[in-house]
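Report on one structure; see the data block that follows.
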Amino acid sequence: ASTVTEDVTYTAKWKMKGANTVLYRGNEGAKADGTDFYSEYTNAQTKVLANNMFSRTGWHFTGWNTKADGSGTAYAAGATYTFTAAHNLETVELYAQWERNTYTVKYVDGVNGAAFADESHTAKYEDATPAFEGSTDNYIGWVFNGWNPTVASTVTEDVTYTAKWKMK
């Protein structure tokens, strides 16, 4: 500011002189503080890449890539990145790569196999919940009365659905 009108604090931003930079991007993931990037500096021509510091609900980290869509050069966490020339102030941007988690969806009869055999399916995070494929007509004297908990429309975690029964 050219004129002072109130108390103000200016904070200097520092970068290592002659440093190369690795800029890590969360690519839809975020750190615990809510930020979606992280920078590291080095005077060396090579840099051991950071482990994942981002999280993304329902997804797991698979490595780094020079392109957000994964079409660039891939690097594992802990791999060595070599800058193109020593101390040329190069910045490389690396994007976290993610894969959807796989969960188990299980249907059980709630009466220890008296009505039907347990049925298990696997599905990726946010896929439509696989439907029960068996028959609920096999429990003599009882009528199927839904699932506990109520079957969700999409998969977000491992879940077991237990059949509810009422007397005929």
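Results, tabulated for the structure shown:
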| read-out | value |
| --- | --- |
| Search result, residues across the range 112-138 that are of a type in the set (Val, Ile, Thr) and open to solvent by less than 40 Å² (accessible area, probe 1.4 Å) | Thr129, Thr136 |
| Of all residues in the range 66-93 being of a type in the set (A, V, I, L, M, F, W, C) and not in a strand (DSSP E or B), the one that is surrounded by the most Cβ atoms within 10 Å (Cβ to Cβ) | Phe83 |
| Complete set of residues in the range 94-105 that are crowded, with 17+ Cβ neighbours inside 10 Å and of a type outside the set (S, T, N, Q) | Leu94, Tyr95, Ala96, Trp98, Tyr103, Val105 |
| Test: residue in the range 95-106 that is farther than 30 Å from Tyr24 by Cα, touching a Pro at 6+ places or on another chain (Cβ under 6 Å), touching a residue at least 12 places away in the same chain (Cβ under 8 Å) and assigned to a strand (DSSP E or B) | yes |
| Test: residue in the range 89-102 that is among the β-branched types (Val, Ile, Thr) and within 30 Å of Val151 (Cα to Cα) | yes |
| Verdict on Glu6 being surrounded by 13 or more Cβ atoms within 10 Å (Cβ to Cβ) and over 28 Å from Val155 (Cα atoms) | no |
| The range 139-164 - residue that is open to solvent by 80 Å² or more (accessible area, probe 1.4 Å) and not in a strand (DSSP E or B) and, of those, farthest from Arg56 (Cα to Cα) | Ile140 |
| Hits in the range 107-124 (condition: assigned to a strand (DSSP E or B), hydrophobic (A, V, I, L, M, F, W, C) and over 16 Å from the mean Cα position of the chain (by Cα)) | Val108 |
| Residue within the range 61-70 that is over 30 Å from Thr104 (Cβ atoms) and not aliphatic (A, V, I, L, M) present | yes |
| Residues located in the range 45-62, provided they are surrounded by 15 or more Cβ atoms within 10 Å (Cβ to Cβ) and not small (Gly, Ala, Ser) | Gln45, Lys47, Leu49, Asn52, Met53, Phe54, Arg56, Trp59, Phe61, Thr62 |
| The range 23-40: number of residues that are open to solvent by less than 60 Å² (accessible area, probe 1.4 Å), modelled with pLDDT of 95 or more, outside any loop (DSSP other than H, G, I, E, B) and under 19 Å from Ala74 (Cβ atoms) | 2 |
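The rows are residues; the columns are (1) touching a helix residue (DSSP H, G or I) at 6+ places or on another chain (Cβ under 9 Å); (2) of a type in the set (S, T, N, Q); (3) modelled with pLDDT of 95 or more; (4) more than 30 Å from Phe37 (Cα to Cα).
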residue	(1), (2), (3), (4)
Phe83	no, no, no, no
Glu90	no, no, no, no
Thr129	no, yes, yes, yes
Glu133	no, no, yes, yes
Ile140	no, no, no, yes
Ser153	no, yes, yes, yes
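The values are calculated or read from the model by the stated rules, or taken from the named source; none is laboratory data. Worth saying up front: this structure is predicted, and the values here are computed from it rather than measured. Cβ sites come from the backbone with ideal geometry, for glycine too, and all protein chains shown count toward neighbours. Just so you know, the surface numbers come from the protein's heavy atoms only, side chains and all, with ligands and any DNA or RNA stripped out. Shrake-Rupley method; radii C 1.70, N 1.55, O 1.52, S 1.80 Å.
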